[in-house]
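The values are calculated or read from the model by the stated rules, or taken from the named source; none is laboratory data. None of these values were measured; they are calculated from a predicted model. Cβ: placed from backbone, ideal geometry, glycine included. Neighbour counts: every protein chain shown. With ligands, DNA and RNA removed, areas are computed over all heavy atoms of the protein, side chains included. Shrake-Rupley method; radii C 1.70, N 1.55, O 1.52, S 1.80 Å.
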Amino acid sequence: MSVPLFRETVRPEWIDYNGHMSEAFYVLVFGFATDALMESTGLDPAYRERTGCSLYTVEAHVRYLRDVPVEARLAVRTRVLGAAGKKVRLTHEMYVVADPSAEPGADAEPVATTELLALHVDQAAGRATAFPDAVRERLNALAEPAPWWAGRSVAPVGSEGEVARGPG
């Protein structure tokens, strides 16, 4: 079982002064993909209204890999990497596809990726709280192995633009 692809088309107002999709809109599309995951796992508007709980992203690592032009058709693949207690870890991979219903090909390269850590938050209490068993089970039923790029961090930069190797 997997999460259905989230689909979006790049809008003209998302294009920046460099002629491609602005970084903020990559994050917006990834946010919409997270919303779609929430819908498919029972964290939908009815759940939020009934419980006062929602999913909050608390950490994100975005990789911008390729420029995306106006009117590009996007497909976002979501992977749940695991859920426990009040936390869920997931990734999104954004692809440009030929038409609105196309699947990314087996050899397709993503144009951007993100890895997220999210917390299940009781909004009235203002703190994280454990997932209900049924929600946690639905999330874990979707769990897949992490892609090779997950778990990476931003590398420190040394002098002359070289990547710092650490002390010594």
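Assorted remarks:
- Here volume of the Cα convex hull per residue in Å³ was calculated from the structure, and among (1) 158; (2) 171; (3) 105 it sits at label (2).
- Dimensionless Rg/Rh of the stretch 32-121 - Kirkwood Rh, Rg from C-alpha atoms: 1.02
- For the stretch 1-27 versus the stretch 68-100, the gap between their alpha-carbon centres in whole angstrom: 11 Å
- Computed accessible area, Arg89, all protein chains, 1.4 angstrom probe, square angstrom: 90 Å²
- Arg73-Val58 pseudo-label distance in nm [points 7 Å out on the Cα-to-Cβ vector]: 3.9 nm
- Helix 23-40 and the longest principal axis of the C-alpha atoms of the chain enclose an angle of approximately 30°.
- DSSP-defined antiparallel bridges as percent of all bridges, the stretch 19-168, nearest 5: 95 percent
- Extension gain from Ala155 to Ala124, taking 0.36 nm per residue of separation minus the Cα-Cα distance: 7.4 nm
- Dipole in debye (nearest 20) - the chain, about Cα centre, beta carbon charges: Lys, Arg +1; Asp, Glu -1: 620 debye
- Per residue, the convex hull spanned by the alpha carbons of the stretch 1-44 comes to 72 Å³.
- Zone residues, the stretch 92-126, relative to Ser2, backbone N less than 14 Å from point 7 Å out along Cα-to-Cβ: 92-95, 102-110
- Spin-label model distance (nm) - Leu117 vs Ala24, 7 Å beyond Cα toward Cβ: 2.7 nm
- Annotation: extensible slack from Asp99 through Arg48 equals 15.0 nm (criterion: 0.36 nm per residue apart, minus Cα-Cα distance).
- The stretch 1-85 - Debye-derived log10 I(q)/I(0), Cα point model, q = 0.14, 0.20 Å⁻¹: -0.59, -1.02
- The chain - mean residue ellipticity at 222 nm from DSSP helices (-39,500 (n - 2.57) per run, n ≥ 4, rounded to 500): -6000 deg cm²/dmol
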